[in-house]
Amino acid sequence: MRWSEQAVDTENASALPGLARLNNLITSVTTPEFAGVTFHEVVAKSALNRVPGGDSTLPFGWTINPYRGCSHACVYCFARPTHEYLDLDGGDDFDRQIVVKVNVAEVLARELHRPTWQHHPVALGTNTDPYQRAEGRYRLMPGIIAALADSGTPFSILTKGTLLRRDLPLLAEAAQHVPVDLAMSIAVYDDDLQQSVEPGTPTTAARLATVSAARELGLSCSVFMMPVLPYLTDGLDHLHAALAAVRDSGASSVMYSALHLKPGVKEWWFAWLEREHPELVVKYRALYAQGTYAPTGYRSWLAARLRPLLREYGLEKGQADPSTGSMRSAALDDSARSLRLMGLNGTGTAATGALPGAPDLTVGTGGSSVPRALIAHELPGGARSQPRLF
């Protein structure tokens, strides 16, 4: 199916006000396959985003966001306020007005090959989901993965999207060259509640099966049990069911945190709560009366409840990266192995014999017996380059 599209230059009279001002907007498109959703294709000027760090050992982090807005439509999504930079609201517009950086892989490849790039770990999925439904058509992630692996850059992916399974063979090949960390976000283990609060996402069962598929290929894959929803998913029955399912999936580790409600998200959450669980409105208003985060007392109570359950189910508690909020990169915990894997020395430049056996990261030049066929095939500008339209 092709897009029913309208090309624009620097301004589109039919576009939403903020989008009309974009000088990098190519076109805004709709299709019956995604009823009610409009995709705004833009030419990215940069791909890597530098974000402030959370501690002195990791003063900053790097992320990539191929999309803005997300058709997963999770009511609690903390990224909703980011849509306001285009005069879009963080509610319905966030779910239905999706900005797509159609050239993001090509721009990324150029940025990663600059002499100044120091091969810091890069996180995907920290803002909006890189494997939301439209990725099945736009196919931006294979080029991104290939560019990262080709440049010797460690990376992580956090997603709710089972479309991740499409790229598992590529990710397995990439993991032979750079540290690769995967995580599946699975917060709700009650089917009715999950479909109500995350209406655009794959089922919990499908996401757990994706974790298992990643583990079967030898990839690290954690489960983000985030957010835990007070009075909805923090009961013992729900937590037992959740952790049993996570254990059975073979997940590498599990991470959890309580719901937090930024301004712009809080209003959207309470609108949903009033429709679906009006009996909890008063309790939530009391719990979040002081601001964005659940009170320290609640968070301590939740941690105390989960600690023995994690032990009971034999699950390891994972570590988050304080700068990106995603999982902590394995490259930070085993730097010597990571440098050998990436064929780099301690300065972030190509090794010159100091690390025997390090792979040659230049596709097609030889020097490594580790397979690179999928990486080479997906590199931006290579065999899989194609128009990005539907």
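The values are calculated or read from the model by the stated rules, or taken from the named source; none is laboratory data. Remember, predicted model here, so these are calculated numbers, not experimental data. Positions of Cβ are generated from backbone atoms using ideal geometry, with glycine treated the same way; all protein chains shown enter the neighbour counts. Please note that ligands, DNA and RNA were not included when accessible areas were found on the heavy atoms of the full protein model with its side chains. Shrake-Rupley method; radii C 1.70, N 1.55, O 1.52, S 1.80 Å.
Some observations on this one:
- Counting only strands (runs of 3 or more DSSP E) that sit completely within the range 117-201, those holding 3 or more residues that are out of contact with any Pro (no Cβ under 9 Å at 6 or more places or on another chain) and open to solvent by less than 10 Å² (accessible area, probe 1.4 Å) correspond to 180-185.
- Scanning the range 212-237 for residues that are touching a Gly at 6+ places or on another chain (Cβ under 7 Å) and either aliphatic (A, V, I, L, M) or not in a strand (DSSP E or B) (or both), we see that the one that is surrounded by the fewest Cβ atoms within 10 Å (Cβ to Cβ) is Ser212.
- All of Val100, Val107 fail the test of being closer than 16 Å to Leu124 by Cα, part of a helix (DSSP H, G or I) and touching a residue at least 40 places away in the same chain (Cβ under 8 Å), apart from Val107.
- Hey, Pro169 touching a residue at least 60 places away in the same chain (Cβ under 8 Å) and not acidic (Asp, Glu) or not: yes
- Residues of the range 238-271 that are among the aliphatic types (A, V, I, L, M), farther than 18 Å from Gln290 by Cα and not in a strand (DSSP E or B): Leu239, Ala241, Ala242, Leu243, Ala244, Ala245, Val246, Ala251, Ala271.
- Residues satisfying the stated conditions in the range 272-304, i.e. farther than 25 Å from Asp95 by Cα, open to solvent by 10 Å² or more (accessible area, probe 1.4 Å), in a helix (DSSP H, G or I) and among the hydrophobic types (A, V, I, L, M, F, W, C): Val282, Ala286, Leu287, Trp301, Ala303, Ala304
- Whenever a residue of the range 232-244 is farther than 17 Å from Ser212 by Cα, it has no partner that is aliphatic (A, V, I, L, M) and loosely packed, with under 15 Cβ neighbours inside 10 Å lying with C-beta atoms less than 9 angstrom away and at least six residues away or across chains.
- In summary, Tyr313 fulfils each of the numbered conditions (1) touching a Phe, Trp or Tyr at 6+ places or on another chain (Cβ under 7 Å); (2) touching a residue at least 60 places away in the same chain (Cβ under 8 Å) with the single exception of condition (1).
- Selection status of Ala105, modelled with pLDDT under 90, farther than 27 Å from Val188 by Cβ, surrounded by 15 or more Cβ atoms within 10 Å (Cβ to Cβ) and not polar (S, T, N, Q): no
- A single member of Leu58, Leu88 is buried (at least 21 other Cβ atoms within 10 Å of the Cβ), of a type in the set (A, V, I, L, M) and at pLDDT below 90, and it is Leu88.
- Every residue from the range 305-353 that is touching a helix residue (DSSP H, G or I) at 6+ places or on another chain (Cβ under 9 Å), assigned to a loop (DSSP other than H, G, I, E, B) and modelled with pLDDT of 80 or more: Tyr313, Gly314, Leu315, Glu316, Gln319, Asp321, Ser329
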